[in-house]
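Accompanying notes for the structure given below.
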């Protein structure tokens, strides 16, 4: 099958700032270690981070933009840190490269990735979609 751009004038190009989501997030199954909320936070951080993956957005601003309580934000962030996708030292976030194995504290036991049924995958996508819609509505 040959791929053809549907709208050539809207072909996405690598921007100067870091904003592409690395496909290894899915291929290497990093995504299976994240909740829908964690993935929404990851998308937010990748979007606002600079070329080195750094962001100074405060907890209050992030929670407000995503329509979450600060407790929800803390839980999502903790999951991303455990998964080795972001580092956090207030007030600085760093979206981490996927070039090396995730850094997880030795006492943290992550479950082995399990095959995901199509129904569960669709339910998770709807959950992430609902979260992103909620965040968009909160911005209005």
Item to check | Neighbours by Cβ (under 9 Å, 6+ apart or cross-chain): first from region 69-97, closer than 10 Å to residue 38 by Cβ; second at pLDDT below 90 and in a helix (DSSP H, G or I) | outcome: 85/25
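Just checking, which of 112, 119, 87 is in contact with a strand residue (DSSP E or B) (Cβ under 9 Å, 6 or more places away or on another chain) and either in a loop (DSSP other than H, G, I, E, B) or modelled with pLDDT under 95 (or both)?
Details: 112 fails: in contact with a strand residue (DSSP E or B) (Cβ under 9 Å, 6 or more places away or on another chain); 119 fails: in contact with a strand residue (DSSP E or B) (Cβ under 9 Å, 6 or more places away or on another chain).
When all the criteria are applied, what remains is 87.
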Item to check | Matching residues in region 45-54 - criterion: being outside any loop (DSSP other than H, G, I, E, B) and buried (at least 20 other Cβ atoms within 10 Å of the Cβ) | outcome: 45
Next on the checklist: So for region 60-70 (the condition being at pLDDT below 95, out of contact with any strand residue (DSSP E or B) (no Cβ under 6 Å at 6 or more places or on another chain) and under 27 Å from residue 99 (Cα atoms)), does at least one residue qualify?
Outcome noted: no
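Could we say that residue 127 is within 14 Å of the chain's Cα centre (by Cα), at pLDDT below 90 and assigned to a helix (DSSP H, G or I) here?
Numbers: within 14 Å of the chain's Cα centre (by Cα): yes; at pLDDT below 90: yes; assigned to a helix (DSSP H, G or I): yes.
It is true that residue 127 is within 14 Å of the chain's Cα centre (by Cα), at pLDDT below 90 and assigned to a helix (DSSP H, G or I).
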Item to check | Residue in region 18-37 that is surrounded by fewer than 15 Cβ atoms within 10 Å (Cβ to Cβ), within 13 Å of the chain's Cα centre (by Cα), modelled with pLDDT under 85 and not in a loop (DSSP other than H, G, I, E, B) present | outcome: yes
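The values are calculated or read from the model by the stated rules, or taken from the named source; none is laboratory data. For clarity, every value in this text was computed on a predicted model and none was experimentally measured. Reconstructed Cβ throughout: ideal geometry from the backbone, glycine too, with neighbour counts over all protein chains shown.
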